[in-house]
Structure formats: structure tokens, C-alpha cells
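Novice: The following block contains the structure, expressed as C-alpha cells.
The values are calculated or read from the model by the stated rules, or taken from the named source; none is laboratory data. Predicted model only: the values in this text are computed from it and were never measured. Neighbour counts run over all protein chains shown; Cβ positions are idealised from the backbone, glycine included. Accessible surface areas use protein heavy atoms only, side chains included; no ligands, DNA or RNA. Shrake-Rupley method; radii C 1.70, N 1.55, O 1.52, S 1.80 Å.
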Amino acid sequence: MPVVREAPTPEHLLDQVSFFLHRAPAKMPESHRSALRDLYNAEDVLAGKKAMIVDDDMRNIFALSTLLEDYGMHVVSHDNGRDAIGTMQRDQAIDVILMDIMMPEVDGIDTIREIRRIPECRDVPIIAVTAKAMKGDREKCMEAGAWDYLSKPVDPELMLGVLRGWLSH
């Protein structure tokens, strides 16, 4: 099902196009980056939001948590899919999920599917994050219920742009 968005100004159109095309702000001309900064200050959009990071590597959890907390986000983390599913069954106050795909026991794809089965969690943005991008991974993640996909190592500016995009609409 296609997503329809309105863009009332050229700046909003730039934001939508760069978001859906995954255009990294660092690769944009300064005039475009400036327009996007003025349109949406990432700190305002992310501040106070609650993110769940699911990754079996504590170094990744630490790095992502530090970055998100710098923007005023509250972070909960799990090192396995089973605990993440349990949290979502109890706490629907999660605003966004960053889900590692390659995990032991319950992998990210199965975890996404289980979370999507919880009626209150159908509209929570889930962003799949994986280090070993293989052909078809993106499609598998989207079919499972992820709304977006990032490759590791995660580009902080791109991730913040993706988060801002999903949390500001």
C-alpha cells in the first residue's frame, strides 16, 4: 500500500524526498542541510521520546544509547528478542524500536513479527539494523513489519534523520 504525504512548502518537500530516498544529510549541499535544520530541529523532535534498542552486542547498545540520550531520548535496551517482545507486551509507551537482525535464539525478523502481532504495537516504527546486509534482507525486514532499514556501521546523521522522519509525522 503506497504512502501518501503532503508537502505544504519546498522545505517540507525536501525533507520528505530526502527521507524516503535515504539521502544522508552529510552528502547534501549546505543550503539543503540548513533548510532541513531550520525545518526540524532533531533535538525538538526526539526529546522526550522513548526508544528501545535490541542488539546482542553491548557495544552497539552503548553507542546508540549514548547518541540518542544526547538528543534527549529515553532508552531501554535488550540483548535478545524474547525480552524485547515481553517489554512490548507490558509497555506500549515505546515510540520507536531499533532492531538488530542477526541475534541468537530469536532473531530480529521473528522478533519484529511477534511485536507486530501485539495489536497496540502495530503502529510503532521499527527500524531494522544489520551488519551483514545480504541480498533480500531489506525486503525480508519490511515484509516482517519493519518500517525502515539501516546498515551497520550506522551513520549517526542518517539514523537521526530516519528517526526524525518517523517520529515527526
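Novice: Among the residues of segment 155-167, what is the count of those that are surrounded by 19 or more Cβ atoms within 10 Å (Cβ to Cβ) and either under 16 Å from M102 (Cα atoms) or among the charged types (D, E, K, R) (or both)?
Specialist: Going through segment 155-167 one residue at a time, the tally reaches 1.
Novice: From the residues in segment 109-126 that are under 16 Å from the mean Cα position of the chain (by Cα) and assigned to a loop (DSSP other than H, G, I, E, B), which one is farthest from L46 (Cα to Cα)?
Specialist: The qualifying residue farthest from L46 (Cα to Cα) is R122.
Novice: Filter segment 135-169 for residues that are within 20 Å of E114 (Cα to Cα), among the small types (G, A, S) and not in a loop (DSSP other than H, G, I, E, B) and give the result.
Specialist: Correct list: A144 only.
Novice: How many residues does segment 87-108 contain that are open to solvent by less than 20 Å² (accessible area, probe 1.4 Å) and in a helix (DSSP H, G or I)?
Specialist: Adding up the residues that qualify gives 3.
Novice: Could you list, in sequence order, all residues of segment 127-149 that are open to solvent by less than 40 Å² (accessible area, probe 1.4 Å) and either over 11 Å from the mean Cα position of the chain (by Cα) or touching a residue at least 24 places away in the same chain (Cβ under 8 Å) (or both)?
Specialist: Passing the criteria: I127, A128, V129, T130, G136, D137, C141, A144, G145, A146.
Novice: Hey, another quick one. What is the residue count in segment 127-169 for residues that are closer than 17 Å to V45 by Cβ and hydrophobic (A, V, I, L, M, F, W, C)?
Specialist: So the answer is 9.
Novice: Sticking with this structure for a sec: If the Cβ limit is 8 Å and pairs must be 6+ apart or interchain, which residue in segment 71-93 that is free of Cβ contacts under 8 Å to residues at least 40 places away in the same chain and of a type in the set (G, A, S) pairs with which residue that is open to solvent by less than 40 Å² (accessible area, probe 1.4 Å) and part of a loop (DSSP other than H, G, I, E, B)?
Specialist: S77/D55; G81/M103; G81/V106
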